[in-house]
Amino acid sequence: MPVSVRRLTIADVPVLRKLNALFGTAFDEPGTYTAEPPSDAYLQEFLAKQHIAALVALAGEEVVGGLVAYELEKFERERREFYIYDLAVAAQYRRQGIATALIEHLRDLATRRGAWTIYVQADYGDDPAIALYEKLGTREEVLHFDIATETPARVRALQDRDGDENRRSTDEEASRQ
């Protein structure tokens with residue numbers, strides 16, 4: 001069966017849910033992608049954003065691959081770049097050019113949006129992904145860091161600060177009356 005690639009629209013929430021399930025399976029993280037599904041309204045709002053590109057590869061109605069990329073506006077020059085956040089192809093459809101077709105579709109979109117580059121991260125040991133990205137682009141050696149936002153101490157400090165601001169606001173409002 002031939003495979004087609006297209007960008008999802010706000011009418012494609014059920015397709016995006018299938019893509020999430022595929023990501024969960026492909027990355028062996030089903031809980032991350034399906035345990036707490038967002039509402040339809042949230043996903044429609046997500047898909048409506050021009051700076052988000054959710055692309056799917058379809059074999060008939062079956063989601064066999066996809067990617068989600070984010071457009072970033074730069075400040076040092078008037079230009080943009082795209083970051084591929086997630087990219088996966090179902091196991092039985094790999095090695096058929098689907099990932100390349102998804103990236104090429106994103107490349108066309110990025111060109112139309114005035115982007116100067118697309119970048120993607122690959123994990124050490126993911127040799128098929130690394131080979132694909134080396135075929136399509138230039139390899140750079142960089143480090144990646146995850147910086148947590150919700151440490152217990154930070155949450156307490158923000159709650160205390162927000163509580164103080166709310167009390168001041170209430171006191172100021174009462175004094176005006």
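The values are calculated or read from the model by the stated rules, or taken from the named source; none is laboratory data. Keep in mind the model is a prediction, meaning the values are calculated, not measured. We place every Cβ from the backbone using ideal geometry, glycine too, and count neighbours over all the protein chains shown.
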Q: Report whether or not Leu106 is out of contact with any Ser or Thr (no Cβ under 7 Å at 6 or more places or on another chain), crowded, with 18+ Cβ neighbours inside 10 Å and closer than 15 Å to Phe23 by Cα.
A: no
(Q) I'd like the residue in the range 60-99 that is under 17 Å from the mean Cα position of the chain (by Cα) and among the acidic types (Asp, Glu) and, out of all such residues, is farthest from Ala122 (Cα to Cα). (A) Glu73
Q | Answer from Ala148, Ala157, Ala131, Ala115 - the residue that is small (Gly, Ala, Ser), in contact (Cβ under 8 Å) with a residue 24 or more places away in the chain and on the phi < 0 side of the Ramachandran plot | A | Ala115
Q.
Looking at (1) at pLDDT 95 or above; (2) surrounded by 15 or more Cβ atoms within 10 Å (Cβ to Cβ); (3) more than 17 Å from Thr9 (Cβ to Cβ), which one does Leu47 not meet, given that it meets all the others?
A. (3)
Q.
Suppose the filter is more than 25 Å from Ala122 (Cβ to Cβ), surrounded by fewer than 14 Cβ atoms within 10 Å (Cβ to Cβ) and at pLDDT below 95; does Ala11 pass it?
A. no
Q: Identify, by number, the condition in (1) under 24 Å from Met1 (Cα atoms); (2) part of a helix (DSSP H, G or I); (3) aliphatic (A, V, I, L, M); (4) in contact with a Leu (Cβ under 7 Å, 6 or more places away or on another chain) that Leu43 doesn't meet.
A: (1)
Q. If a residue has to be at pLDDT 95 or above and either buried (at least 16 other Cβ atoms within 10 Å of the Cβ) or among the hydroxyl-bearing types (Ser, Thr, Tyr) (or both) to count, how many in the range 29-43 make the cut?
A. 3
Q: State the number of residues belonging to the range 127-153 that are of a type in the set (D, E, K, R) and either within 19 Å of the chain's Cα centre (by Cα) or not assigned by TED's automatic domain parsing to the domain that holds Gln50 (or both).
A: 2
